[in-house]
Each structure stands twice: as structure tokens, then as C-alpha cells.
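A.B. asks: Got a structure for you, written out below as C-alpha cells; questions coming shortly.
Read the figures in this text as sums done on the coordinates, not as results from a lab. Only a predicted model underlies this, so the values are computations on that prediction, with no experimental measurement involved. We place every Cβ from the backbone using ideal geometry, glycine too, and count neighbours over all the protein chains shown.
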Amino acid sequence: MALNLIMLGPPGAGKGTQAERFARARGIPKISTGEMLREAVKAGTGIGSRARAIMDRGELVGDDVMIGIVQERLDQPDARGGFILDGFPRTVAQAAALDGIMEDRDRLIVIDIVVPEGELVRRLGSRMICEDCGANYDGLEHAAVSADHVVMPGVATTSAAEAMAAVHANARPLRCRRCGGRLKQRSDDNEDVVRERLKIYYRETEPLVDYYRARPTFRSVNGAQSPDRVAADLAAAIESVKNRRLKQAGGGAAR
């Protein structure tokens with residue numbers, strides 16, 4: 001049974017980290033929209049050439065092109081045994097098109113990682129980015145583990161900005177796990193900008209969550225926990241869907 005998985009969740013929920021972690025553990029590809037676009041353009045396929053022309057004009061790639069790129073990517077051999085989609089679908093139209101692509105394959109499992117807005121603001125306000133490779137580190141605790149040496153603040157702080165200022169004052173430069181480059185705070189992650197981005201996300205994504213919510217393969221996971229706890233709950237949610245499928249298959253065979 002192939003594991004065909006969609007990860008939903010707002011910025012700062014940690015869906016990319018969890019998707020990558022789960023993909024490594026299960027030996028299936030984690031597929032993001034950015035990666036798909038880059039691969040299609042590099043390969044010079046018909047749909048990739050269309051995407052390049054659109055991007056060269058400074059325009060956004062539309063649903064029809066994006067859906068074509070997704071179909072091409074999911075038809076590749078490494079995705080036949082399962083995959084994790086991160087960043088697609090983003091709209092109900094894309095979700096409906098994906099259902100068409102998946103007609104002759106095992107059903108999609110949809111995981112929505114849920115985190116309270118206040119916690120998302122805290123995480124995104126302390127997000128770091130590598131100056132060299134652009135890797136993101138969400139949240140103070142995740143960035144700090146890659147530091148050469150960190151002295152945590154001696155008093156409780158009330159905001160992500162205060163926490164980061166205290167750490168910066170007592171630490172050597174934080175370093176990227178991927179390339180060793182210096183980490184810096186993102187300039188666009190102040191609280192007002194973060195709250196506006198979250199507002200846009202909820203407005204655009206709520207219909208998508210509603211589209212999937214009634215399905216027996218939909219699960220919500222509490223993302224306001226440690227990464228290990230979220231990973232464990234994610235694995236348990238996916239196992240519950242698989243077990244339900246096996247019971248249904250067994251019942252069908254018995255009849």
C-alpha cells in the first residue's frame with residue numbers, strides 16, 4: 001500500500017521539517033512546489049518550458065501549469081510507492097485536479113498540523129535564515145541547537161524578539177546545519193507582518209481544509225509540541241488511516 005501524503009499547516013507549523021523527517025524514515029520522496037518547478041524547468045519538458053516563459057515575464061505560475069507539473073512529477077518512478085506533497089495543493093481547484101490525478105492510485109492521506117496563532121507568531125518572530133544557502137530554522141529552540149555555544153538568558157522573556165536579543169548578546173554566531181553558514185534573523189518576520197501573513201493563509205486555506213475534513217483519510221495533529229512529539233503523533237495518525245484501510249479491505253474480502 002503506497003503512502004500518498006499531503007501536509008497542510010500554516011507558516012511556522014513545522015510541516016516542512018516533519019515532512020522531510022517522515023520522508024527519510026519511510027524512504028519516499030518529499031516533493032515541494034519549488035522543487036517541482038525547478039526540476040521541470042531544468043528538464044525542459046513541455047510544461048517546464050511553459051513555466052519558464054511565465055516566470056521570465058515575472059508572472060505567477062497558474063493552476064493549469066502547476067497541476068501539469070505535479071502530474072509529471074508524480075508519474076516518476078520514485079513516487080509510485082508513495083510521496084509527501086508539501087505546498088500543494090493550495091486551492092480547492094488544485095485539490096480537485098489532484099483527485100483526478102490520483103484516481104488509479106491509493107488514496108491521499110491528508111494531515112493538517114494545527115498550532116495556535118500566538119505560538120506561530122512566537123516561532124516566526126524568532127525564525128532564522130542562513131546567509132549562504134537560505135535554509136530556514138523555525139523557532140529559537142531549533143536554531144539554537146546549531147550554535148557553537150549558547151548561553152540562555154537568565155530571566156524569562158515575554159516575546160520572541162526579547163528572547164532572540166538575549167541569545168544574540170550571549171552567544172557565538174549560530175551556524176547552519178546544512179552548510180555551516182551564519183544564521184541571521186529574517187527581516188520580514190516582525191509581528192505585524194507575521195500576523196498579516198497568517199491572516200492571508202487562513203483566508204486562502206480554510207476552504208481547502210474544509211474540502212478534505214470530511215474524508216476518512218483526514219487527520220489533525222497538534223503541532224504545538226516538541227518536534228519529536230509531533231513526529232510521533234504524525235506517525236500514529238498515518239497508522240490509524242492505514243489500519244482503517246486494512247480493516248475495510250479485510251471486510252470486503254470476507255464478503
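A.B. asks: Hey, with R₀ at 30 Å, roughly what FRET efficiency would GLN248 and ARG26 work out to, going by the Cβ-Cβ distance, to 0.05? Could you put the intermediate results ahead of the total?
C.D. replies: Numbers: r = 22 Å, r/R0 = 0.72.
Taking R0 as 30 Å, the efficiency between GLN248 and ARG26 is 0.85.
A.B. asks: So between ARG175 and SER220, what do we pick up on full extension, going 0.36 nm a residue minus the alpha carbon distance?
C.D. replies: 12.9 nm
A.B. asks: Moving to a separate point now. For a quick check: with amide H placed at 1.01 Å from N, whose amide H comes under 5 Å from ASP86's, ignoring anything fewer than 5 positions away on the same chain?
C.D. replies: Close amide H contacts, sequence-distant or interchain: ILE31, SER32, THR33.
A.B. asks: Could I ask something else about it? Through the Karplus equation 6.51 cos²θ - 1.76 cosθ + 1.60, θ set to phi - 60°, convert the phi angles of segment 203-209 into ³J(HN,Hα) values in whole Hz; use x for Gly and Pro.
C.D. replies: Listing the rounded values in order: 5, 7, 9, 3, x, 5, 4 Hz.
A.B. asks: Sticking with this one: I'd like the distance between the alpha-carbon centres of segment 47-90 and segment 6-29, rounded to an integer number of Å.
C.D. replies: Taking the Cα centre of each part, segment 47-90 and segment 6-29 sit 18 Å apart.
A.B. asks: Hey, another quick one. If we sort 1-7, 34-40 on the protection proxy, mean other Cβ atoms within 10 Å, highest first, what's the order?
C.D. replies: Per-residue Cβ counts within 10 Å, averaged per peptide and sorted highest first, yield 1-7, 34-40.
A.B. asks: For a label point 7 Å from the Cα of ALA93 along Cα→C-beta, name the residues of segment 43-67 whose backbone N is under 15 Å from it.
C.D. replies: Label zone hits: 60-67.
A.B. asks: Apply 1/(1 + (r/R0)^6) to the Cβ-Cβ distance of ARG52 and VAL209, taking R0 = 30 Å, and write down the FRET efficiency to the nearest 0.05.
C.D. replies: So the FRET efficiency works out to roughly 0.40.
A.B. asks: Please identify the GluC sites (Glu not before Pro) of segment 184-230 that satisfy two criteria: DSSP loop assignment and at most 13 other Cβ atoms within 10 Å. Which are they?
C.D. replies: none
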